[in-house]
Amino acid sequence: MSNHNHFMEEAVALSKKAITDNEGGPFGCVVVKDGKIIAKGNNKVTSTNDPTAHAEIVAIREACKALNSFQLDDCEIYTSCEPCPMCLGAIYWARPDVVYFANTRQEAAAIGFDDEFIYNEINIHPTDRKIKMVHLPNQQAAGVFNSWQNKTDKTEY
């Protein structure tokens, strides 16, 4: 069995755990570095009342703690399903080398996890989105951005 199969089987086992333990939806994820699993996560949305507790987010948080880093340099992510828009954003911020996924977002939609409306909302102007969004310009907020821009000892990310 290849390492890819082994790591994907671990992610799938976590997806089974999520539903067996009534922690959340059928999603699991592992983060791998140097051929070893450094973090695991399964969906815990309903058990923690946290809409961000998706398998990938849980695993990314654990991996970053283990690495003492906000990036997943030289890491691979194996997830039981194609990442949703939130997880996809988190993955891009974490910057792993590659993501492997089993089920597709279309297959997830077929069992009630349809994120297509979020993918569509991303490209819509904020004033036209389904959730009302109002731009409130603020001088203090602009000042904070200016402070960040001028900060000489900042950690770029």
Shape call, the range 64-145: gyration tensor on alpha carbons, a/c limit 1.5: oblate
Antiparallel DSSP beta bridges within the chain, as percent of all bridges there, nearest 5: 70
Point-to-point label distance, Y92-F145, nm (Cα→Cβ direction, 7 Å offset): 1.8
Cα gyration tensor shape for the chain, rounded if a/c is under 1.5, else prolate or oblate: oblate
Charged-residue dipole, Cβ positions (Lys, Arg, Asp, Glu), the chain about Cα centre, Debye nearest 20: 440
Whole-number accessible area per residue in Å² for the range 63-157, which is evaluated in the context of all protein chains at 1.4 Å: 76
Within the range 1-81: Cβ-based charge dipole about Cα centre, in debye rounded to nearest 20 (Lys, Arg +1; Asp, Glu -1): 160
Candidate aspartates and glutamates for bridging to K130, where Cα separation is under 15 Å - those fewer than 8 sequence places away on the same chain excluded: D115, E116, E121
Percent accessible area from carbon and sulfur atoms, the chain, protein chains only, probe 1.4 Å: 53
0 to 90° range, to nearest 10: angle between helix 55-67 axis and the chain longest Cα axis: 80
Separation between Cα centres of the range 109-139 and the range 70-88, rounded to whole Å: 22
Cross-link partners of K65 among lysines (Cα-Cα below 17 Å; sequence separation of 8 or more within a chain): K33, K36, K40
Helix-only CD estimate at 222 nm, as mean residue ellipticity for the chain, using -39500 (n - 2.57) per DSSP H run (n ≥ 4): -13000 deg cm²/dmol
0 to 90° range, to nearest 10: angle between helix 139-150 axis and the chain longest Cα axis: 70
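Can you give the percent of C-alpha pairs in the range 1-92 whose distance is more than 19 Å?
Cα-Cα pairs of the range 1-92 separated by over 19 Å account for 33 percent.
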Helix 3-20 vs. the chain, principal-axis angle (Cα, 0 to 90°, nearest 10): 80
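The values are calculated or read from the model by the stated rules, or taken from the named source; none is laboratory data. Everything numeric here is computed off the predicted structure, so don't read it as measured data. With ideal geometry, Cβ positions are generated from the backbone for all residues, glycine too; neighbour counts draw on all protein chains shown. Ligands, DNA and RNA are stripped out before the accessible areas are found, and what is left, the full protein with its side chains, is counted by its heavy atoms. Shrake-Rupley method; radii C 1.70, N 1.55, O 1.52, S 1.80 Å.
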